[in-house]
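Below is one structure, written out as structure tokens, with a few remarks after it.
The values are calculated or read from the model by the stated rules, or taken from the named source; none is laboratory data. Quick caveat: nothing in here was measured; it's all calculated off a predicted structure. As a convention, Cβ positions derive from the backbone with ideal geometry for all residues, glycine included, and neighbour counts pool all protein chains shown. Just so you know, the surface numbers come from the protein's heavy atoms only, side chains and all, with ligands and any DNA or RNA stripped out. Shrake-Rupley method; radii C 1.70, N 1.55, O 1.52, S 1.80 Å.
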Amino acid sequence: MMFGSVLAFEARRMVRNFPPLFFGLAFPVMILAVFGGIYGNEPSDLFDGVGTVDASVPAYVAMVLAVAGLMSLPLGMVEYRSRGILRRLRATPARPGAFLAAQVVVNGVVCLLGVGVLLTSAATVFDLSAPRHPVAFAGTLLLTGAAMFSLGLLIAAVARSESTAVVIANLAYFPMIFLTGATVPLEIMPGWMRTVSDALPLSYGVDALRWAWSGHGGDQVPAALAVLGGVTVACSAAAARLFRWE
């Protein structure tokens, strides 16, 4: 009952919070409209015969997960802690853990809505193909989301103030979306940028999601899943150890 009240509060707070809704729901569709409008969805040699939209939409899905995991979730948690809200909650029936869980749930719902809007737009306007491996796509989406959310929780754990959290989140977020193939295809990047992308966890989410959707690049999937799983476990453990309620 108490968690339901906290969840409803967080949902109302999210509805009034423009940035995460814009970057989670509208921005990926804008990116799709730009690149889809330029290149269409005809088979492309750049993507081994896969249409540009068919190859790009799974990467945009990864971007939706990064927005919620690396920006919205940690900044919301640090805001609560910096303003003393979590400390004051200790004197009420609403435990701080309920707010943490509600933040994860609400941001997860925004991710699902963002993915739904993106896929519907791509299918309606650009004739997006159906995924080759739908179950694997759903599982990879969850694992990539878990990796991004665990990174976000780690950012929330180590940032001592809201301004510090903004800096750390941006340092993690922008390389993740611009150097991993989540927005700009790795296929057009020089070699040194691809080397940098190998160090960024979202690159492996993009690889796995693209394979699940198009069926190409399956030889990279085991390593991608191992990296995403390792990041989730390591960052979750570190966040649990380092997180401070005050």
Every listed condition ((1) among the polar types (S, T, N, Q); (2) under 26 Å from R244 (Cα atoms); (3) surrounded by fewer than 20 Cβ atoms within 10 Å (Cβ to Cβ)) holds for T144 save (3)
In the range 74-83, is there at least one residue being within 28 Å of P185 (Cβ to Cβ) and at pLDDT 90 or above? yes
Just a yes or no: is a residue in the range 78-100 part of a helix (DSSP H, G or I), over 14 Å from the mean Cα position of the chain (by Cα) and under 17 Å from A172 (Cα atoms)? yes
Subset of the range 174-226 [over 17 Å from the mean Cα position of the chain (by Cα), among the charged types (D, E, K, R) and part of a helix (DSSP H, G or I)]: E187, R194, D219
For the range 1-49, what are the residues that are open to solvent by less than 60 Å² (accessible area, probe 1.4 Å), closer than 20 Å to W211 by Cβ and at pLDDT below 90? S44, F47, G49
If only one of V106, V64, V117 is closer than 17 Å to L21 by Cβ, under 10 Å from the mean Cα position of the chain (by Cα) and touching a residue at least 12 places away in the same chain (Cβ under 8 Å), which one is it? V64
